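The values are calculated or read from the model by the stated rules, or taken from the named source; none is laboratory data. None of these values were measured; they are calculated from a predicted model. Here Cβ is always computed from backbone atoms with ideal geometry, including for glycine, and neighbour counts include all displayed protein chains.
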Ligand code: BGC
């Protein structure tokens, strides 16, 4: 495999190969994304299953099947039904805040383990649900699981990976999310055919990814960053040598120690986030997940079967179309694994933005022309529905190689160690909050905004692309403990990130035996 040793943009040389050890570790770690993905993919299909609807949400079921209800835009509009989907994300929001402390003080692995166990408990309750309350309690536990996993897994991967492969290895997380979604879509397709209790299998199936991540977290090694942060320096040095496949890891090790020293001085990571020098980080921790959700992707992910039914597909065809979009999602994610460390993050963000924008406008026009404002249509020609599905697939592929993976990668690589865990929690909670909002209001928005809903999201895609173009520096090929360089050199953020601690860090560097100091300081 390719060897390490080129000079990073930050001016440091960190040797580091893509060793088998790091590869296997990152693949196992990435599987943390499966639980999130499984969940995203399963709820939409389950809420489109007549057996499930008639048992738990009889009024929606009645409305859906009523002959006289021809308004396609509004037939699934029900607050309790959306609460079923979205309650999980509120729970994940709170859990990710708690996970910040666990991840920082007890290590990334323990957060992953909590994630797996809580998710497993939720899956069991859901599989045996007798009433809506049990369903919601199960969903809340699943949400706690997702909160812990999403807080810790991306950090884990970015810390483990050699910096020049960091993008690809981190995107393993997103790949697992998409595989989780696809598997869930396929299972829904088959389980929907088992009358009365097929949905129990769909919901209970979440136990499988939960067990995978729980066992994975027990066998994975700790990251050197986390070991140093917790005072285990010798173990960290040995681990770093093993991970990088090199004996001489002094430069990187010293930078990690320097980062950890700086981190120890921080007593209140939350309050610190508000300091001026962390303005770019805080801005990105909020803006990136906000924009990721405002692409509208989860309208497709949660409600693809419902949406496809809305445009006139039969039950079976709707679930099948969800399988197709799920497959496109997985394949297109691989494009970003290939390209993210070659073409860079900004290129993917911008290309993805343009592609999504075009698709959303086309879908809005297609739906608008046929359904108009009344939403009354009975016979939609088949070719028409196929065109809509096609553009939805092109849209999904754009998301899958841009905002999907980068929404998790970029935040996990830009935060300095002293605020890393807290800032990542902000990232996860903002993501979960807007996932919740969109899941909760989508069906109502569809009912009111009608085809304009797609234009609403297109508008945000435009704004986020301009935001990236103007404010987001390229982070490809920069070691994470050196990341300050990109902010300092940025036309706007350079004003915020100044060299105030540079001297202090040079001193600290000098006192280390080889005199290496961290340039990556604030
Ligand atoms: C997002 C999810 C989304 C998924 C789709 C993830 O990056 O955070 O909200 O459902 O991608 O693949």
* Structure fact -> In the stretch 427-456, residues that are farther than 28 Å from residue 26 by Cβ and either more than 16 Å from the ligand (Cβ to nearest atom) or buried (at least 21 other Cβ atoms within 10 Å of the Cβ) (or both) total 18
* If only one of 403, 408 is under 17 Å from residue 299 (Cβ atoms), crowded, with 18+ Cβ neighbours inside 10 Å and under 19 Å from the mean Cα position of the chain (by Cα), which one is it? -> 403
* Considering (1) in contact with a helix residue (DSSP H, G or I) (Cβ under 7 Å, 6 or more places away or on another chain); (2) surrounded by fewer than 24 Cβ atoms within 10 Å (Cβ to Cβ); (3) in contact (Cβ under 8 Å) with a residue 60 or more places away in the chain, say which one residue 131 fails and leave the rest. => (1)
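Being outside any helix (DSSP H, G or I) and surrounded by fewer than 21 Cβ atoms within 10 Å (Cβ to Cβ) is the filter here; which residues of the stretch 238-249 pass it?
Selection gives 245, 246, 247, 248.
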* What number goes with the only condition from (1) closer than 24 Å to residue 323 by Cα; (2) within 14 Å of the ligand (Cβ to nearest atom); (3) surrounded by 22 or more Cβ atoms within 10 Å (Cβ to Cβ) that residue 424 does not pass? -> (1)
* To do: Run down 91, 127, 95 and say which single residue is under 21 Å from residue 207 (Cβ atoms) and more than 16 Å from the ligand (Cβ to nearest atom).
  => 127
* To do: Looking only at the stretch 138-157, decide whether some residue is assigned to a helix (DSSP H, G or I), without any contact (Cβ under 8 Å) to a residue 24 or more places away in the chain and touching a helix residue (DSSP H, G or I) at 6+ places or on another chain (Cβ under 9 Å).
  => no
* Say whether the condition of being modelled with pLDDT of 85 or more, crowded, with 21+ Cβ neighbours inside 10 Å and within 30 Å of residue 484 (Cβ to Cβ) is met by at least one residue in the stretch 53-62. => no
* Asked: Is one or more of the residues making up the stretch 384-403 more than 12 Å from the ligand (Cβ to nearest atom), outside any helix (DSSP H, G or I) and in contact with a helix residue (DSSP H, G or I) (Cβ under 7 Å, 6 or more places away or on another chain)?
  -> no
* Asked: From the set of residues in the stretch 280-312 that are more than 16 Å from the ligand (Cβ to nearest atom) and modelled with pLDDT of 95 or more, which is surrounded by the most Cβ atoms within 10 Å (Cβ to Cβ)?
  -> 281
